[in-house]
1. Pop a pseudo-label 7 angstrom from the Cα along the beta-carbon direction at both Glu3 and Lys102 and give the gap in nm to one decimal.
2. If the chain between Ser144 and Ile219 were fully stretched, how many nm would it gain, using 0.36 nm times the residue separation less the Cα-Cα distance?
3. Arrange the residues Met97, Met187 by how much accessible surface each exposes, largest first, with a 1.4 angstrom probe.
4. Going down the list Lys76/Lys102; Lys102/Lys218; Lys102/Lys166; Lys143/Lys166; Lys76/Lys101, which pairs span over 30 Å between their C-alpha atoms?
5. Report the extension gain between Leu232 and Leu37 in nm, rounded to one decimal, defined as 0.36 nm multiplied by the number of residues separating them, less their alpha carbon distance.
6. Sort 47-59, 79-91, 104-116 by packing, meaning the average of other beta carbons within 10 Å per residue, with the highest value first.
7. Of the peptides 3-12, 175-184, 221-230, how do they stack up when ordered by the mean number of other Cβ atoms within 10 Å, highest first?
8. What does the accessible area per residue of the range 24-145 come to in Å², with a 1.4 Å probe and no ligands, DNA or RNA counted?
Amino acid sequence: GTELRIVIFGTRWSGKSSSGNTILGAPKFECGRVRTLQCEVRCGTVSERCLTIVDVPGWSHFPITETSEASKQQFKLSLTKCLPGPHACLLVIPRDMAFTKKQGQYVQEHLSLLGDRVWKHVVVLFTCWDYLENKTTIDDHIKSEGEALQKVLEKCNYRFQVFDNKRNTNPGQVDELLTKIEELVKMNAGEIYKADEKILQSIAEKRKLAAERASLRKIENDKQRERQRQLLRGIQFNSIFIILPQ
C-alpha cells in the first residue's frame with residue numbers, strides 16, 4: 001500500500017490529538033484533558049495505506065515574540081520526526097472559536113518558522129464541527145469568518161477537510177482526507193516537505209552552544225562545591241585540633 005507521513009499542528013486544545021485518533025481509527029494519542037507537551041509519533045494502517053502521524057505541541061494564543069526559543073526549536077524539529085519528511089501538514093482550525101486577525105497572525109508566524117515552502121503541503125482541518133448544532137455549511141462558515149481565514153486558505157490553495165471527531169457523522173471523512181493528501185502528493189510530484197537545512201543547522205548550533213554553556217556551568221559548580229568541601233574540612237580539622245588536650 002501507499003506510505004503517507006502526516007504532521008498535525010495548530011493551537012492548543014484545537015483537536016489535534018483527537019484528529020490523529022480519528023484518522024488512525026484507534027485511540028493512539030492521549031487527548032481530552034491531557035495537553036501534548038512534546039511531539040508524539042504513532043503509526044497505523046488505514047485502507048491499505050501505511051500512516052505515520054506526528055502530533056505537534058500546540059502553540060499558545062500569543063505572538064511568536066513571546067514564544068520561548070525551546071518551543072520554537074521543538075516546532076521546527078517536528079518535521080524531522082517522520083524522516084525523510086512529511087507528505088502533508090494538517091493545520092487544525094477549530095470551528096467553535098472565532099478565527100480572528102490575531103489567530104491568522106499566529107498561524108502565519110508559526111508556519112513562517114518552517115519556511116514558505118511548507119504551504120505547498122498544508123491541508124486545513126476544520127475540527128469541532130460536532131459541537132455546533134446549527135446546520136451552517138462549510139462555505140457559509142468560511143465566508144462569515146472573514147479575511148483572516150481567507151488568507152490562510154489562499155496560502156494553501158483552498159485545501160481543507162471538515163472533521164467531526166466526536167460523533168463521526170461522516171464515515172467517509174478519513175478516506176476523503178487521505179485521498180486529498182494523495183492528490184496533493186501527485187500535485188507536488190511526490191516531493192515531500194523537508195526541513196530547511198539552514199534551519200536545522202542553526203538549531204544544531206544553538207543546541208551545541210547551550211550544551212557547552214551547561215557544561216561550563218557544571219565545571220564551575222563542581223569547582224565551587226570542591227572549594228566548599230575543602231573549607232569545611234579545614235574548619236573540622238581546626239576544631240579537632242582545639243579539642244586536643246594541651
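The values are calculated or read from the model by the stated rules, or taken from the named source; none is laboratory data. Because the structure is predicted, anything quoted here is derived from the model rather than measured. Methodologically, a virtual Cβ is constructed for each residue, glycine included, from the backbone with ideal geometry; neighbour enumeration extends over all protein chains shown. Accessible surface areas use protein heavy atoms only, side chains included; no ligands, DNA or RNA. Shrake-Rupley method; radii C 1.70, N 1.55, O 1.52, S 1.80 Å.
1. 4.3 nm
2. On the way: separation 75, 0.36 × 75 = 27.00 nm, distance 5.96 nm.
Here the segment from Ser144 to Ile219 would lengthen by 21.0 nm.
3. Working: Met97 65, Met187 120 Å².
Of Met97, Met187, the descending order of accessible area is Met187, Met97.
4. Values: Lys76/Lys102 21 Å; Lys102/Lys218 42 Å; Lys102/Lys166 27 Å; Lys143/Lys166 25 Å; Lys76/Lys101 24 Å.
Going by Cα-Cα distance, Lys102/Lys218 fall outside the 30 Å limit.
5. Numbers: separation 195, 0.36 × 195 = 70.20 nm, distance 4.31 nm.
Answer, rounded to one decimal: 65.9 nm.
6. Numbers: 47-59: 19.3, 79-91: 21.4, 104-116: 17.2.
Put in order of decreasing packing, that is 79-91, 47-59, 104-116.
7. Working: 3-12: 21.2, 175-184: 16.6, 221-230: 10.0.
Ranking the peptides 3-12, 175-184, 221-230 by packing returns 3-12, 175-184, 221-230.
8. For the range 24-145, the per-residue accessible area is 49 Å².
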